[in-house]
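Participant: To start, I am sharing the structure in question, which I have written as structure tokens.
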Amino acid sequence: MQDLTPWHMRRGSLASFVFLGCLLGGWPLSAASFSLTARETQEAIRFGQRSVVNEDFGREWKTTNTSGETLTVVTPFFRLAQAARNAAFKPGTLKQREIDSLQREHRDRLVFWAHLRGGREDFARWYRPVLLVQSKGEIKPSFVQNERTAIRQGEGRFVSRSIYAFPANDLDGKSRVALVVRDHDDQEVARFTVDLSAMR
């Protein structure tokens, strides 16, 4: 008698399906990694190369706060995948020295690309970010780059593209953290909640 059970529900098939999906980059790992293994490095490169036909590339690492501002969480996996994707568009592949350079730059760091909104061209110049981690309190950034000349939008508004980097030595890749941005008066101007367990 023919087995009419859907293929994905048959014994052993679901496990195989999940395993295949992980190999193909269809699902995120169980935690963000701040120092890629050799296997994770190859997975990131393959993921980036295959994503040339995926318009949703990067969505896994992006979040939006209640004010509509956006944040990209630049993990080592994401940065390497992005570089592999850009190389594939040429077309081409990443050279080993480029891979090594990117890994050195992003190892043991958690980087954020923040698109923040304000009412004047230099509104973000003196912004100061901190990372709030449960049981560890505030972590200070190791690098801050606020855009001094923000991009003009409609109705007299501006968008600043800021880069913030934090040491990841004491961070757990499975934790939930909050990026808080304050102005020169120490007033909070932006907050993003980031679930590191939901991304590679």
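The values are calculated or read from the model by the stated rules, or taken from the named source; none is laboratory data. Treat the numbers as computed from the prediction; the structure is a model and nothing was measured. A quick note on method: Cβ atoms are made from the backbone with ideal geometry, for glycine too, and the neighbour counts reach across all protein chains shown. Surface accessibility is based on the protein's heavy atoms, side chains included, excluding ligands, DNA and RNA. Shrake-Rupley method; radii C 1.70, N 1.55, O 1.52, S 1.80 Å.
Participant: Along the Cα→Cβ direction, 7 angstrom out, place labels at residue 35 and residue 59. What is the inter-label distance in nm?
Facilitator: 3.4
Participant: Give me the distance between the Cα centres of segment 129-143 and segment 44-60, rounded to whole Å.
Facilitator: Value for the Cα centre distance between the two parts: 30 Å.
Participant: Here's something else I'd like to know. Could you list which residues have their amide H under 5 Å from that of residue 109, counting only those 5 or more apart in sequence or on another chain, with H placed in the peptide plane?
Facilitator: Correct list: 168.
Participant: Continuing with the same structure: Taking a quarter of the surface of the Cα convex hull of segment 52-147, what do you get in nm²? Provide the component values of the computation, followed by the final result.
Facilitator: Details: hull surface 33.6 nm².
Taking a quarter of the hull surface, the average projection is 8.4 nm².
Participant: In the chain, once you exclude exposed chymotrypsin sites (Phe, Trp or Tyr not before Pro) (DSSP loop, at most 13 other Cβ within 10 angstrom), what's the longest stretch remaining?
Facilitator: Values: sites that count: 89, 126.
Between the exposed loop sites, the longest stretch runs 1-88.
Participant: Report in % the part of the accessible area of the chain that belongs to carbon and sulfur, leaving out ligands and nucleic acids; probe 1.4 Å.
Facilitator: Values: 5870 of 12000 Å².
Roughly 49 percent, rounded to a whole number.
Participant: Give the aspartates and glutamates reachable from residue 90 as a straight Cα distance under 19 Å; neighbours fewer than 8 places away on the same chain don't count.
Facilitator: Here the aspartates and glutamates satisfying the reach criterion relative to residue 90 are 55, 98.
Participant: Suppose all protein chains stay in the model; what accessible area per residue would a 1.4 Å probe give for segment 91-148, in Å²? Let's see the in-between values first.
Facilitator: Working: 3740 Å² over 58 residues.
For segment 91-148, the per-residue accessible area is 65 Å².
Participant: So which lysines pass the test for residue 140, namely a Cα distance under 23 Å, with those fewer than 8 places away in the same chain ruled out?
Facilitator: The qualifying lysines are 62, 174.
Participant: With angles folded into 0 to 90 degrees, how steeply does helix 96-106 sit against the dominant principal axis of the chain? Use alpha carbons for both and round to 10.
Facilitator: 50
Participant: Which loop-located GluC sites (Glu not before Pro) does segment 116-167 contain, where loop means any DSSP state but H, G, I, E or B and the Cβ has at most 11 other Cβ atoms within 10 Å? Intermediate values should be presented prior to the final figure.
Facilitator: Details: sites: 121, 138, 147, 155; in loops: 121, 147.
The qualifying sites: there are none.
Participant: Counting only helical runs of four or more DSSP H residues, what would the 222 nm mean residue ellipticity of the chain come to if each run contributes -39,500 (n - 2.57) and the total is spread over all its residues?
Facilitator: Numbers: 4 runs with 48 residues, N = 200.
After summing the helix terms and dividing by the residues of the chain, the value is -7500 deg cm²/dmol.
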